[in-house]
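Chemist: This structure is in structure tokens; I'll ask about it shortly.
No lab work stands behind these numbers, since they all come straight from the coordinates. These numbers were taken from a predicted model, which means no experiment stands behind them. Glycine also receives a Cβ, built like all others from the backbone with ideal geometry; neighbour counts cover every protein chain displayed.
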Amino acid sequence: MIRQKLMTAAEILIQSKVDHYPWLDCTHPEPLIEEGHRAANLFVAKIESNRAA
């Protein structure tokens with residue numbers, strides 16, 4: 001419920017594919033961080049391509 005409200009209120013939403021990780025599992029953060037970087041880079045590339053068009 002809270003998550004949906006936050007997603008609706010966000011001006012920018014970068015969604016990384018980490019649904020298969022337990023919500024509070026911080027034992028191996030590296031793959032989560034890498035996925036966040038990947039998703040952010042794709043998002044920035046999309047913005048830049050839209051600006052160039």
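Chemist: Ordered by residue, what ³J(HN,Hα) values in Hz, to whole numbers, does the range 3-13 give under the Karplus form 6.51 cos²θ - 1.76 cosθ + 1.60, where θ = phi - 60° and Gly and Pro are x?
Modeler: Going residue by residue, I get 4, 5, 5, 5, 5, 6, 7, 5, 7, 10, 10 Hz, with x marking Gly and Pro.
Chemist: From the backbone phi of the range 39-47, what are the Karplus-calculated ³J(HN,Hα) couplings (6.51 cos²θ - 1.76 cosθ + 1.60, θ = phi - 60°) in whole Hz, Gly and Pro given as x?
Modeler: Result, rounded to whole Hz: 5, 5, 5, 5, 5, 4, 4, 5, 4.
Chemist: Given the Cα-Cα distance of residue 33 and residue 15 and 0.36 nm per residue of separation, how much length would full extension add, in nm?
Modeler: The residue 33-residue 15 span can extend by a further 5.2 nm.
Chemist: Starting from the 7 Å offset along Cα-to-Cβ, what nm value, one decimal, do you get for the label separation of residue 8 and residue 25?
Modeler: Result for the modelled spin labels: 3.1 nm.
Chemist: Please say if the chain is rounded, prolate or oblate, where rounded means a/c under 1.5 for a ≥ b ≥ c the square roots of the C-alpha gyration tensor eigenvalues, and otherwise the choice is prolate for a/b larger than b/c and oblate otherwise?
Modeler: oblate
Chemist: Using θ = phi - 60° and the Karplus curve 6.51 cos²θ - 1.76 cosθ + 1.60, what whole-Hz ³J(HN,Hα) does each residue of the range 15-20 get, with Gly and Pro shown as x?
Modeler: Along the range 15-20, the couplings run 10, 9, 8, 10, 4, 7 Hz.
Chemist: Moving on. For n ≥ 4 DSSP H runs only, could you compute -39500 (n - 2.57) per run for the chain, divide by its residues and tell me the 222 nm figure to the nearest 500?
Modeler: After summing the helix terms and dividing by residue count, I get -20000 deg cm²/dmol.
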